[in-house]
Each structure stands twice: as structure tokens, then as C-alpha cells.
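The values are calculated or read from the model by the stated rules, or taken from the named source; none is laboratory data. In this text the structure is predicted, and so the values were computed from the model without any measurement. Note that we place each Cβ from the backbone using ideal geometry, even for glycine, and neighbour counts take in every protein chain shown. Accessible surface areas use protein heavy atoms only, side chains included; no ligands, DNA or RNA. Shrake-Rupley method; radii C 1.70, N 1.55, O 1.52, S 1.80 Å.
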Amino acid sequence: MRHLIDSVDLTTAEVDVIINRALDIINNKEMYSEACHGKKLATLFYEPSTRTRLSFTAAMMELGGNVLGFSDAKSSSVSKGETVADTIRVVSSFADIIAMRHYKEGSPRVASEFSRIPIINAGDGGHAHPTQTLTDLLTIRRELGHFDHLTIGLCGDLKYGRTVHSLIKAMKRYEGVHFVLISPKELRLPDYMKHELGDNYSEYATIEEAMPLLDVLYMTRVQQERFDDPAEYERLKDAFILDTEKMALGKPDMIVLHPLPRVNEITVDVDKDPRAAYFRQVENGKYVRMALIYTLLSWHDQEPSHKVDTFITDQICNNDRCIVTTEPVEKKAYTDADGVLRCYYCDHAL
Ligand code: NCD
């Protein structure tokens, strides 16, 4: 059985399989209309979502399958104190595949340890969002045709933006990819992510300076819900705004992506620019999730292609957003390529 918890759970060859499947679905929709007939997707959303939950639901419906689940933790047994582990054990007997979003980082990893069916991480706290990454990759493939030798600007909340973290991990595996980081200093990429980048990045203080270099500009929302101090959010929320004047500095064939929802970080007049690909990106999200559900259900006897060597530790993770701080799970760690000991669930240094 295979899960998708982190974007690197799929090799680049497997990413190609899913993207090619999504392209095939786009071209042959009727052929897939009963592909998951009789199968059930459970959507367990402990945190708000519009696009991700609805696109999973639409994806399963277009594959001829059924969907059950909840969109609000308050309406589930979680409000009675049920652990993720127990909820997953129960849902494993009702459904064939689970898409799960949770505010605690590492929750889908915990879920995968107790599940008898594939788990898809639909976003865990500020940590990861691998199906958004598949959406981003399908969009880049359709818009630009390739992944190699791209310069990708990441702008906004690089600290809490889980879509950024998953995209970096997936894209850094392609040859000649360079990342340009544009954020306020308070919202810089976390250290555990920076070590992923090696020398393949540069940092810029303004969009204007970076714009002429970019093939892709990935804009993000400042993640209000992850701030402890509301005043800090107010101070930072409008730090970077993409407008038509800044777009004029970009290459004619670059693209602008955004996982959405947009707040203020892209002015609405940019939407008319053909390089603004973020609404096309949303549609790709449904097709790539169709391809993912279809593929994971057919990989039921496959071993994971990416395994992390973990060991049990008594060191408590000091990330207060990590699932180990609230659930009675075994504390597991791994050693990264630089010899740093990290929490298996949220990747923070121990
Ligand atoms: C993103 C998320 O939830 O992380 N949205 C999405 O899934 N499309 C980005 C965000 O909320 O800013």
C-alpha cells in the first residue's frame, strides 16, 4: 500500500506517471467516468478548505466513486477527544482511501501508521501539502512543457506556507532548478527547508529585483491562522503585492502561480494578464487528484519507493505545532544528510 504524505514519497518517475495520467484524463474524460466505481473516498478535514476538499470530492465523483467525511473537526468525534489514530482505524473500515487535512504537523504521517487504506496528506499545519505540489507540477508542465532549468521565485510567507515547502522538495530534484526567495525576514524559509536547497537559491528583498529572472513566480498568502500575535500579522500581511507594474518587468513567457486563496498579494487587474496561470492551476488540481486517487488505488500491493530510516527517541519535538505534542505516538527521529537529528513527523531539528 502507498500513501502520499510528503511530496518526495513519489519519485520523479512516479510523478511523471501521475502527471501523464492526469493529461490522459484531460483528453479522455469519458474513459475514466467509472474508473473508481464502487470505491469510497473519505475526506477528513480538521481545518478549513474550499479548493482542496471540493477538488478531491469533484475528482472522486468524476471517477464514478463516492465521497464521505467531515469538513469541520467540531462536527466529528475529535470534539469528544478522539485521537487521530483511533479516527483513522475507524474510517479505514468505511472507505477505500482517505484525504486528510489537519492543523497539527505530522498528523497524516501518524494516520498512515494506523491506516489499512492509503492516506493522502491534504495539508498539515505549516508543514506540507503534496497534492498542491502535484497541481503546481501539472500546471508547470502544461504551461511551460518542462521542469529542468527553471528559475522559480517563491514570494510571501515562506515560513508557514506549506505549499512552498512541498514544492521546493519536489522541484529541487530536477536539473538546473534555481530558487529565488522573496519574503520579509520574519517569514523566511525555516532552517529545515533551507538545508534542502544547498547552493541552489538566492534571496531578494523586492519582487522588482527578482522579476526579470523568473520563469515561475509562486505567490503565497501570509498565513494569518499560524500567527500567535495578530499585530505581527497586520504588520506583515501586505509586505509583497504583485501588480501590473511589477508584471511589466517579467519575461513574456513566465507564469504566475498561487495556490489560492488570494487575499491582497495579487491585485485583481493582474488576472487579465495571460501569464497569470492561477485559475488554470485550480482546474489542474482536480485532474491531478483524479490521477492520484486512481493511481494509489491501483498501487495497493506496492512497497513505498521512498523510505526514511527512523529510530525511536526519548527527545521531545520542540515544535509546538507537531502532532507528537498532543497525541500519544511513539517519538521517532531520523538523521538527515547533514547529520542533523530531525522529528520524523514534522521534520524540525530535535
Ligand atoms: C493553500 C493551503 O491550504 O495551504 N491552499 C490550498 O490548498 N489551495 C494555501 C493557503 O491556504 O494559503
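Ignoring everything except DSSP H segments at least 4 long, calculate the 222 nm mean residue ellipticity for the chain; use -39,500 (n - 2.57) per segment, divide by total residues, nearest 500.
Taken over the chain, the calculation gives -9500 deg cm²/dmol.
Name the residue, out of Pro118, Pro108, Pro252, whose mean-square fluctuation peaks in a Gaussian network model built on the chain with Cα pairs under 10 Å.
Between Pro118, Pro108, Pro252, it is Pro252 that shows the largest mean-square fluctuation.
Are there any chymotrypsin sites (Phe, Trp or Tyr not before Pro) in the range 69-175 that are in a DSSP loop and have at most 14 other Cβ atoms within 10 Å? List them by number.
Sparse-neighbourhood loop chymotrypsin sites (Phe, Trp or Tyr not before Pro): Phe94.
Just to verify a number: FRET efficiency for Thr335 and Asn27, C-beta to C-beta distance, R0 = 56 Å, to 0.05?
With a Förster radius of 56 Å, E is 0.80.
Per 0.36 nm of contour for each residue apart, how much would the distance between Asn20 and His146 grow if the chain were fully extended, relative to their Cα-Cα spacing?
44.1 nm
Mean 1/r over all different Cα pairs, inverted: what Kirkwood radius does the chain give, in Å?
20.6
How many percent of the accessible area of the chain is carbon or sulfur, using a 1.4 Å probe?
Ligands and nucleic acids excluded, carbon and sulfur give 49 percent.
Tell me the GluC sites (Glu not before Pro) within the range 17-70 that lie in a loop according to DSSP and have at most 11 other beta-carbon atoms within 10 Å.
Those satisfying the criteria are Glu34.
On full extension of the chain, what length is gained from Ile241 through Thr325, given 0.36 nm per residue of separation minus the C-alpha to C-alpha distance?
Going from the current span to full extension adds 26.7 nm.
Return the lysines within reach of Lys39: Cα separation strictly under 30 angstrom, same-chain partners fewer than 8 residues apart disregarded; answer none if there are no such residues.
List returned: Lys29, Lys74, Lys80, Lys104, Lys286, Lys307.
Under a plain spin-label model, where a point goes 7 Å from the Cα along Cα-to-Cβ, how far apart in nm are Thr11 and Gln302?
1.0
If a/c stays under 1.5 just call it rounded; otherwise compare a/b with b/c (prolate if a/b is bigger, oblate if not). Do that for the range 95-185, with a ≥ b ≥ c from the square roots of the Cα gyration tensor eigenvalues.
Oblate, since a/c reaches 1.5 and b/c is not below a/b.
What number, in percent, do you get for the relative contact order of the chain if the mean sequence gap of Cα pairs under 8 Å and at least 6 apart is divided by its residue count?
It rounds to 20 percent for the chain.
Taking the chain as a whole, which cysteines find no other cysteine Cβ under 4.7 angstrom from their Cβ?
Cys36, Cys155 - these cysteines have no disulfide-compatible partner (Cβ-Cβ under 4.7 Å) in the chain.
How much area per residue is accessible in the chain when the probe is 1.4 Å and only protein heavy atoms are counted (Å²)?
It amounts to 42 Å² per residue over the chain.
How would you classify the range 133-271 from its alpha-carbon gyration tensor, with a ≥ b ≥ c the square roots of the eigenvalues: rounded for a/c under 1.5, else prolate if a/b is greater than b/c, otherwise oblate?
Note, shape of the range 133-271 comes out oblate.
Got a sec to turn the phi values of the range 103-112 into Karplus ³J(HN,Hα) couplings, 6.51 cos²θ - 1.76 cosθ + 1.60 with θ = phi - 60°, whole Hz, x for Gly and Pro?
For the range 103-112, the Karplus curve yields 6, 8, 6, x, 4, x, 5, 4, 4, 5 Hz.
Whole Å is fine, so just give me how far the alpha carbon centre of the range 238-256 lies from that of the range 85-143.
Using only Cα atoms to place each centre, the spacing works out to 32 Å.
If amide H atoms are built 1.01 Å from N in the plane of the peptide, which residues on other chains or at least 5 residues away come under 5 Å of the amide H of Ala276?
Val256
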